[in-house]
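**Q** For reference, the structure I am asking about is given below.
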Amino acid sequence: MRPALIVFQKDPMTESFAITKFSDLANPTRFLALTARILPWMAGITALLFVIGLYLSFTTEGDYQQGDTVRIMYVHVPAAWLSMMCYTVMAISAIGTLVWRHPLADVSHKAAAPLGAAFTLIALVTGSLWGKPMWGTWWVWDARLTSVFVLFLMYLGLIALNRALDDPSRAARVSAVLILVGFVNIPIIKFSVDWWNTLHQPASVVRLDGPTIDAEFLWPLLVMAVAFTLLFFTLHVAAMRNEIWRRRVTAQRRMAARMAGKEE
Amino acid sequence: MSHTFYIAMSYGLTALVILSLIGWVMLDGRARRRELAELETSGIRRRSATHSAGETR
């Protein structure tokens, strides 16, 4: 018998299962057992990173031109990165739905959509609040802003689609196709500032020749980016767990109704 | 601090959205956990749970 890497105690909500290889996590019951163990740690580390990130965000120097408005960057940029990363996670899950027809992949992209919408909303609102004092306008229909707004609408559309279809596996397949078609928008968002003449500035952190911003701003930005990313994964894992429970409740209620029907 | 309104609004709205997300995920989880516990107490279990001797699947 192969040795178990992780062995969990039996719990009525999670049950007991040994995880001996990575593919075992694809089993929803084993996934639930893992979430029970890792979620408190993920939440704790996220909170700690936010404390450090917020401290750095308000104690480092302001920019010589932008002044203190540069502090908006420490929430705007991580949210914008996450809006694209969340969609990429959904696209990978969509492949899992269409190629392997795996229920956990269905659960993953369904649970991620509201999170992606929230982070995109943060990016749009904080960008607007940064644009007004620096550009002199709340909004322009340039390629970067418009493509991010389209991403926000796509998230809302996917949430609506998932809620409109009763059959979860059918909803997952239709959503997966739409997610993969919509993925074309991600490189458009990333390279919009290079391909078109935009009011939004080009990339200054993720570039082939290295970051072009001063370390004074880079450190709080990176700590906040890691905090936001960990927050996303914590919420995603928790939302996936909730969705698995929701499906179990539905299945068990259906089973109870069938049993009641037989008794009559 | 210059432009306090814009900075405070940015951080305030970000906090509002993130706290709403955390609250929603936590409340949703609590409600599902309660529903599963109610089903358990009324004797309705998953087919695999009723068949298994505890450790299989």
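The values are calculated or read from the model by the stated rules, or taken from the named source; none is laboratory data. Quick caveat: nothing in here was measured; it's all calculated off a predicted structure. As a convention, Cβ positions derive from the backbone with ideal geometry for all residues, glycine included, and neighbour counts pool all protein chains shown.
**Q** Would you tally the residues in region A:107-161 being of a type in the set (Phe, Trp, Tyr) and under 29 Å from A:ASN242 (Cα atoms)?
**A** 4
**Q** Also: Of a type outside the set (D, E, K, R), modelled with pLDDT of 95 or more and farther than 18 Å from A:ILE72 by Cβ: which single residue out of A:PHE228, A:PHE191, A:PHE233 fits that description?
**A** A:PHE233
**Q** Further, regarding this structure: Could you tell me whether A:ALA172 is of a type in the set (Gly, Ala, Ser), more than 14 Å from chain B (Cβ to nearest Cβ) and surrounded by 15 or more Cβ atoms within 10 Å (Cβ to Cβ)?
**A** It is true that A:ALA172 is of a type in the set (Gly, Ala, Ser), more than 14 Å from chain B (Cβ to nearest Cβ) and surrounded by 15 or more Cβ atoms within 10 Å (Cβ to Cβ).
**Q** Can you confirm whether region A:220-239 contains a residue that is touching a residue at least 12 places away in the same chain (Cβ under 8 Å), away from chain B (no Cβ under 14 Å) and exposed (fewer than 14 other Cβ atoms within 10 Å of the Cβ)?
**A** Taking every residue of region A:220-239 in turn, none turns out to be touching a residue at least 12 places away in the same chain (Cβ under 8 Å), away from chain B (no Cβ under 14 Å) and exposed (fewer than 14 other Cβ atoms within 10 Å of the Cβ).
**Q** As an exercise: evaluate A:ALA113 against (1) surrounded by 18 or more Cβ atoms within 10 Å (Cβ to Cβ); (2) out of contact with any Cys (no Cβ under 9 Å at 6 or more places or on another chain) and give the number of the one condition it does not meet.
**A** Looking at each condition in turn, A:ALA113 falls short on (2).
**Q** Just to be sure I understand, how many residues within region A:87-110 are closer than 24 Å to A:THR229 by Cα, hydrophobic (A, V, I, L, M, F, W, C) and either surrounded by fewer than 24 Cβ atoms within 10 Å (Cβ to Cβ) or at the interface with chain B (Cβ under 9 Å from one of its Cβ atoms) (or both)?
**A** 6
**Q** Looking only at region B:3-49, count every residue that is more than 7 Å from chain A (Cβ to nearest Cβ), among the charged types (D, E, K, R) and not in a helix (DSSP H, G or I) and tell me the total.
**A** 1
**Q** Between A:ALA160, A:ALA203, A:ALA164, which is loosely packed, with under 14 Cβ neighbours inside 10 Å and modelled with pLDDT of 95 or more?
**A** Testing whether each residue is loosely packed, with under 14 Cβ neighbours inside 10 Å and modelled with pLDDT of 95 or more leaves just A:ALA160.
**Q** Can you tell me which residue is modelled with the lowest pLDDT among those in region A:126-146 that are of a type in the set (Phe, Trp, Tyr) and outside any loop (DSSP other than H, G, I, E, B)?
**A** The extreme case among them is A:TRP135.
Condition check ((1) closer than 30 Å to B:GLU35 by Cβ; (2) modelled with pLDDT of 95 or more) across all residues:
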| site | (1), (2) |
| --- | --- |
| A:THR20 | no, no |
| A:SER23 | yes, no |
| A:ARG30 | yes, no |
| A:ARG37 | yes, no |
| A:GLY44 | yes, yes |
| A:GLU61 | no, no |
| A:ARG71 | no, no |
